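Colleague: Quick one: the structure is below, questions incoming.
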Amino acid sequence: MSEKLIYMDNSATSPVDPEVLEEMLPYFNKEFGNASTLYTLGVEAKKAVDKARKQVADLINADPNEITFTSGGSESDNMIIKGVALKEIQKATEENPKNHIITTTIEHPAVLETCKFLEKFGFEVTYLPVDESGIINLEDLKNAIKDSTILITIMHSNNEIGSIQPTKEIGEIARANNILFHSDAVQSAGKIPVDVIEQNIDLLSISAHKINGPKGVGAVYIKKGVTLEVLIHGGGQEKGLRSGTENVPGIVGLGKAAELANIHLEERMKHNQEIRDALMEKVTSNIKDSYVNGSMENRLPNNIHFRFSGIEGESLILRLDKKGINGATGSACSTHDLKGSHVLAAIGIKPALSHGSLRLSIGPENNIEDVDYIVESIDEVVTYLRKLSPLWDNKNDKYIGDLFEKEVDEEDLDRY
Amino acid sequence: MEEYSDKVKDHYMNPRNTGIIENASGEGTVGNPVCGDIMTIYIDVDENEVLTDVKFSTFGCGAAIATSSMITEMAVGMTVDEAYNITRNDVAEELDGLPPIKMHCSNLAADALQAAIDNYRYRKENGEI
Ligand SMILES: Cc1ncc(COP(=O)(O)O)c(C=O)c1O
């Protein structure tokens, strides 16, 4: 390891802010009470949980009563999608099966896999395509709506390429058709303004560890009046919506992280965007055949997603790590199923090129002063890997990967 | 992610015998961009059927680069027949193992070397060399 550490994978997870940690610590052993008990210790825990509920509600312009704590973004997505599906299917009639869900092809697996799961039980799911900048077409959404549509679940912003969906307009369409609208705002909350009233959102998921809070804690917003079927039964905590003794330190951490994100939102957006724009500009102008994936306008201020032709992402990440730079890639080698990024495929990037991708996601602790070092390091690594690559013509210094874009033969795929 | 052995790390950070052999006795390319690994191996063979030089060029993950680099070291000095018998497992063992998920997809070096030898034999039979 090099001595320097530039952590730029904040969309994967982020370090707990020292202020957040400090706020959490007493709840591990001093104020360790069970929030459901009646003596002082329990009452203090309950107060702490309610304070956090307010802090989270304030971040998204909701009422504290509309916030329920969960174990993180994945649980939040599952709870809402399955909860709505199970609730609505009970209203099915001969004419209307009440079983149709609309989502997109670029959702996080927590949404996509949940939808696929429901398909096994007779639900029908429409996966809307996105354009090359990673944004849905509102006409497609309108056309997909049927009488049986019970839920539209479309992410607020994408975790890979940072594209921001037209949430407000999606919400308007949902309202006009009397359909519930859920938005996975795990990457948006605390990064850009998320306002459930203004943006017409009925249901929303957030997660603490993407905003300098602890891992394993998140929340859902459920608009007043919306009811879902409960998935986790037990002692009736969280108004019966999500049983289980509350993770008080985690919830306190989420609350504090939400409060800090809210206070510093404007200033952090500016900070992130400055670094983002400098990096995007310098990399694409200094490194031949380098591109930015995703939308330039509707993009999270903290998200950068590059593509370098002729090289593969895992080897890029490993070499950058040696230089003290941590980022992510959509390369197949980095995914559990070796299939490569479904998001890059959805925006039309060819396989050989999607392997050479690099996501850098900025956090409050990153510095604009490091930009030059990062650009130099990427340049050096990309140049080195191209020298090694059969997809790069080193004599003429150009990409020749298209020559290799052949049909995949079955034998090749069998090996995987 | 599962960790690579020190030997794998050494080979992907400092790959040996990289590059192209001009007018090589044989060359072979295997892999597929969809899967994210493509490697080409070049061989030079002397009149005693011994591999005198082996070089590679690889697009792929750490394991793909390390196995390519490793096999070039293993193969130099072997006869063509001996080199043809190097298996994927031999390469992985020489690297002190590979993470299971990499055993299949990124362990293509033995196939690439065989393809290069096939190419050499074909060219010899056809009087090209
Ligand atoms: C968009 C999105 N949704 C959901 C999740 C899952 O969140 P968690 O890791 O808290 O379960 C993530 C995190 O990777 C995400 O980026």
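The values are calculated or read from the model by the stated rules, or taken from the named source; none is laboratory data. Model, not experiment: these values are computed from the prediction. Note: ideal-geometry Cβ built from the backbone for every residue, glycine included; neighbour counts use all protein chains shown. The area values use the complete protein model at the heavy-atom level, side chains included, leaving out ligands, DNA and RNA. Shrake-Rupley method; radii C 1.70, N 1.55, O 1.52, S 1.80 Å.
Colleague: Rank A:LYS87, A:LYS288 by accessible area, highest first, at a 1.4 Å probe radius?
Modeller: A:LYS288, A:LYS87
Colleague: Quick one: putting +1 on the C-beta of Lys and Arg, -1 on the C-beta of Asp and Glu, what dipole do you get for chain A around its Cα centre, in Debye to the nearest 20?
Modeller: Using only the charged Cβ atoms, the result is roughly 780 debye.
Colleague: Keeping the other protein chains in place, figure out the carbon and sulfur percent of the accessible area of the protein assembly as shown, with a 1.4 Å probe.
Modeller: Carbon plus sulfur share of accessible area: 49 percent.
Colleague: Using modelled amide H (1.01 Å from N, peptide plane; none on Pro or chain starts), what sits under 5 Å from the amide H of A:THR70, excluding residues fewer than 5 places away?
Modeller: HN-HN under 5 Å from A:THR70: A:GLY218, A:ALA219, A:VAL220.
Colleague: Oh, and also: Just the number please: accessible area per residue for region A:265-414, 1.4 Å probe, all protein chains included, in Å².
Modeller: With all protein chains present, region A:265-414 gives 44 Å² per residue.
Colleague: Which residues' amide hydrogens lie under 5 Å from the amide hydrogen of B:ASP53, considering only partners 5 or more residues apart or on another chain, with H built in the peptide plane?
Modeller: B:ASP44
Colleague: Shifting gears a bit: Using Stokes-Einstein with the Kirkwood hydrodynamic radius over Cα pairs, what translational diffusion coefficient do you get for region A:350-402 at 20 °C and a viscosity of 1.002 mPa s, in µm²/s rounded to a whole number?
Modeller: 163
Colleague: Can you pull the Kirkwood radius for region A:246-305, inverse mean 1/r over Cα pairs, to one decimal in Å?
Modeller: Result for region A:246-305, one decimal place: 13.7 Å.
Colleague: Another question about this same structure. Could you point to the residue in A:VAL217, A:ASN286, B:ALA66 farthest towards the positive end of the protein assembly as shown's charge dipole, with +1 and -1 charges on the Cβ of Lys/Arg and Asp/Glu respectively?
Modeller: Result: A:VAL217, furthest along the dipole toward the positive end.
Colleague: Tell me the accessible surface of A:PHE123 in square angstrom (1.4 angstrom probe, heavy atoms of protein chains only), to the nearest ten.
Modeller: The accessible area of A:PHE123 comes to roughly 20 Å².
Colleague: Something else: Quick one: Debye curve from the C-alpha atoms of region A:265-414, no solvent, what's log10 I(q)/I(0) at q = 0.09, 0.11, 0.13, 0.15 Å⁻¹?
Modeller: -0.29, -0.43, -0.60, -0.79
Colleague: Just the number, please: Stokes-Einstein D of region B:6-123 in µm²/s, Kirkwood Rh from C-alpha pairs, 20 °C, 1.002 mPa s.
Modeller: 156
Colleague: What whole-number value in Å² describes the accessible area per residue of region A:112-263 for a 1.4 Å probe?
Modeller: Per-residue value: 37 Å².
Colleague: Related question: Viscosity 0.692 mPa s, temperature 37 °C: what is the translational diffusion coefficient of region A:1-152 from Stokes-Einstein with a Kirkwood Rh over Cα pairs, rounded to a whole number of µm²/s?
Modeller: My calculation gives 170 µm²/s for D.
Colleague: Let me ask something additional. Taking the protein assembly as shown as the region of interest, what is the percent of Cα-Cα pairs per 10 angstrom bin, listed from the shortest bin to the one with the maximum distance?
Modeller: That works out to 4, 17, 23, 22, 17, 10, 5, 2, 0, 0, in percent per bin.
Colleague: Just to confirm the filter: which GluC sites (Glu not before Pro) across region B:55-129 are DSSP coil and have at most 10 other Cβ within 10 angstrom of their Cβ?
Modeller: B:GLU128
Colleague: In a Debye calculation with equal point scatterers on the alpha-carbon sites of region A:62-133 and no solvent, what is log10 I(q)/I(0) at q = 0.21 Å⁻¹?
Modeller: The computed values of log10 I(q)/I(0) come out as -0.97.
Colleague: Which value, in square angstrom to the nearest 100, describes the accessible area buried between chains B and A on both sides, using a 1.4 angstrom probe?
Modeller: Result for this pair: about 2600 Å² buried.
Colleague: Over the alpha carbons of region A:18-263, what is the largest minus smallest coordinate on each principal axis, giving the biggest first in Å?
Modeller: Computed over the Cα atoms, the extents are 55, 39, 27 Å.
Colleague: Report the equivalent ellipsoid semi-axes for region A:117-247 in whole Å, largest first, defined as the square roots of five times the eigenvalues of the gyration tensor built from alpha carbon atoms.
Modeller: Working through the eigenvalues yields semi-axes of 25, 20, 14 Å.
Colleague: While we're on this one: In region A:346-371, which residues give up 30 Å² or more of accessible area once the other protein chains are added, compared with their chain alone (1.4 Å probe)?
Modeller: A:PRO351, A:HIS355
Colleague: Further question on the same structure: Using just the helices of chain A, give the 222 nm mean residue ellipticity in deg cm²/dmol: DSSP H runs with n ≥ 4 each add -39,500 (n - 2.57), and the total is spread over all residues, rounded to 500.
Modeller: Rounded to the nearest 500, it is -11500 deg cm²/dmol.
Colleague: Once amide H atoms are placed 1.01 Å from N in the peptide plane, what residues at a sequence separation of 5 or more from A:LEU128, or on another chain, have their amide H within under 5 Å of its amide H?
Modeller: Amide H neighbours of A:LEU128: A:THR103, A:THR104, A:THR105.
Colleague: May I ask you to list, by number, the DSSP H helices of chain A whose Cα span along the axis is at least 18 Å and whose average Kyte-Doolittle hydropathy reaches -0.5 or more?
Modeller: A:40-60, A:73-89, A:248-263, A:371-388
Colleague: Something else now. Are there chymotrypsin sites (Phe, Trp or Tyr not before Pro) in region A:30-78 that DSSP marks as loop and that have at most 15 other Cβ atoms within 10 Å, and which are they?
Modeller: Answer in residue order: A:PHE32, A:TYR39.
Colleague: Okay, moving on. Name the residue farthest towards the positive end of the dipole of region A:18-263 from the options A:VAL194, A:VAL130, A:HIS233, assuming +1 on Cβ of Lys and Arg, -1 on Cβ of Asp and Glu, about the Cα centre.
Modeller: A:HIS233
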